[in-house]
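Reading through the structure tokens given below for one structure.
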Amino acid sequence: MNAGEICNREVVIAYRDTSLAEAARLMREQHVGSLIVVVDRAKERVPVGILTDRDIVVAVVAKELDARTLKVGEVMSGGVFAVREQDGLAEVLRAMREHGVRRVPVVTPSGALAGILTIDDLLELVAEELGDFVRTISHERVRESRMREP
């Protein structure tokens with residue numbers, strides 16, 4: 001399985017010149033903790049940063065700045081780290097750990113935004129797989145019990 005197979009393709013985006021207040025409203029309305037900041041390039045949206053709810057709290061609220069006067073580009077984390085659609089999940093998890101991030105944009109071979117992958121998505125997948133292990137063990141016990149019945 002790879003990043004492109006499990007990423008969320010519905011990504012909430014913003015531009016560098018989006019007001020921070022509008023970005024916060026978007027997060028609230030869409031029930032997300034981050035926005036992928038993009039630029040438009042040849043009919044593609046290319047990720048250039050990420051804005052998280054934590055960025056807003058640490059860089060704006062904690063410093064008592066006025067969010068109404070700031071733009072996303074002034075607060076976002078730049079130099080965005082992204083993974084490719086074809087990257088395997090073990091590789092993605094290792095890269096997320098190395099970069100210290102909980103969410104990562106997923107890009108196409110041309111660098112266009114394809115989706116977003118979060119640590120929650122990976123945890124959900126692992127939980128499903130662990131559930132499959134448990135069900136397999138349970139079924140094995142049932143099968144064995146049936147085979148041993150007189």
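Ordering of 124-132, 14-22 by packing is 14-22, 124-132, highest average first (other Cβ atoms within 10 Å, averaged per residue). Amide H to amide H distances under 5 Å link A114 with V106, V107, T108, where only residues 5 or more positions off or on other chains count and H is placed in the peptide plane. What label, among (i) 143; (ii) 122; (iii) 104, belongs to volume of the Cα convex hull per residue in Å³ computed from the structure on display? Checked against the structure: label (i). Scanning residues 5 or more positions from K71 or on other chains, those with amide H under 5 Å from its amide H are L20, with H placed 1.01 Å from N in the peptide plane. Helices in the chain, meaning DSSP H runs of at least 4 residues, each add -39500 (n - 2.57). Divided by all residues, the mean residue ellipticity at 222 nm is -13000 deg cm²/dmol. Sorted fewest first by neighbouring Cβ atoms within 10 angstrom, S138, S77, S34 come out as S138, S77, S34.
Bear in mind that the values in this text are calculations on the coordinates, not laboratory data. On a predicted model such as this, the values are computed, not experimentally measured, just so you know. No Cβ is skipped: glycine too gets one built from the backbone with ideal geometry, and neighbour counts run over all protein chains shown.
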